[in-house]
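Presented below is the structure to which this report refers.
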Amino acid sequence: MRPTYDSDTATFRQTIRDFLNANLPADWEGIGALGANEAHHFANDVWRPVLAEHGYLAPAWPVEFGGGGLSELEQVILVEEFSKVGAPRGGSNDQFGITYCGNTILNWGTDEQQAEFLPKIISGEYVFCQGYSAPNAGSDLASLTCRSEPDGDEWVINGQKVWTSSAHHANWVFVLCRTDSASRVPIATSSSCDSSGCGRSPAGSEVPSPIRARACSGCSGASTTAGSPNSRSTSSVPR
Ligand SMILES: Cc1cc2nc3c(=O)[nH]c(=O)nc-3n(C[C@H](O)[C@H](O)[C@H](O)COP(=O)(O)OP(=O)(O)OC[C@H]3O[C@@H](n4cnc5c(N)ncnc54)[C@H](O)[C@@H]3O)c2cc1C
């Protein structure tokens, strides 16, 4: 297949090429030429801030939230040009913060939620991981037993998460929790995993919401625990 582009896209393509030429190291041979630690350092500490500054970290997001405000065709061209030179399009947790959680907030979040979360995801202040899988609830997510219960204007999460990739780099986790024990379908909420320990945020008035609850999570390797069963004390959970 040979896709064709309107002639006016050539200018944008050149803009991306110029950006890559100007900002990648002179001896750049692609991210695959670097060792694992070096690649992680480059993608997260060196390249990610450059992408954020130019609006290329979340090219589809509105400029007001730190995105690039690019059209769909411009996004395709950006991906093509980045791919040709092996340039990463984000850091290790951006698939969670931007692709999964951020896009959900962009589509379903309130104005307040968008203003709070999206710029901080771009800046790197909020770094997300994904807390969907749980013991005995991998492919069959509807089996999960992690619970989220309202307590005043907060939600308290009790349960365990596993397979939490890159949790050791994150300070937030978006989780699936069961808010109705009679329901076979778990309700999605999001929780913070804050390095200082437990945190709980105000609950909204309606369920579901993409960013409803906060809880401390132990982000140690493959196991993340949000609270102890039937307990609100999460401060002892290792991170
Ligand atoms: C490298 C890696 C990173 C991951 N990162 C994350 C993460 O960041 N966050 C997160 O939430 N999860 C993460 N996961 C978890 C991943 O989403 C789960 O592994 C996945 O959901 C499968 O769950 P399981 O391993 O418990 O296998 P199971 O669900 O126990 O499945 C075992 C086998 O049974 C089969 N099977 C299961 N159910 C059925 C069915 N109904 N019919 C037919 N066959 C079935 C499966 O295909 C599989 O072959 C990660 C997994 C890996 C391997």
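What follows draws every value from the coordinates through simple rules; no lab data is involved. Everything numeric in this text was worked out from a predicted model, so none of it was measured. Reconstructed Cβ throughout: ideal geometry from the backbone, glycine too, with neighbour counts over all protein chains shown.
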From the residues in the range 118-131 that are more than 8 Å from the ligand (Cβ to nearest atom) and within 21 Å of residue 165 (Cβ to Cβ), which one is surrounded by the fewest Cβ atoms within 10 Å (Cβ to Cβ)? 125
When you scan the range 71-87, how many residues do you find that are crowded, with 19+ Cβ neighbours inside 10 Å and free of Cβ contacts under 8 Å to residues at least 60 places away in the same chain? 0
Tell me the residue from 90, 68, 97 that is under 15 Å from residue 31 (Cα atoms) and of a type in the set (Gly, Ala, Ser), please. 90
Could you pull out the residue among 134, 115 that is away from the ligand (no atom under 16 Å from the Cβ) and touching a helix residue (DSSP H, G or I) at 6+ places or on another chain (Cβ under 9 Å)? 115
Every pair of residues 6+ apart whose Cβ atoms lie under 9 Å, when the first sits in the range 41-70 and is polar (S, T, N, Q) while the second is surrounded by fewer than 16 Cβ atoms within 10 Å (Cβ to Cβ): none
If a residue must be within 12 Å of the ligand (Cβ to nearest atom), in a loop (DSSP other than H, G, I, E, B) and surrounded by fewer than 20 Cβ atoms within 10 Å (Cβ to Cβ), how many such residues does the range 137-165 contain? 5
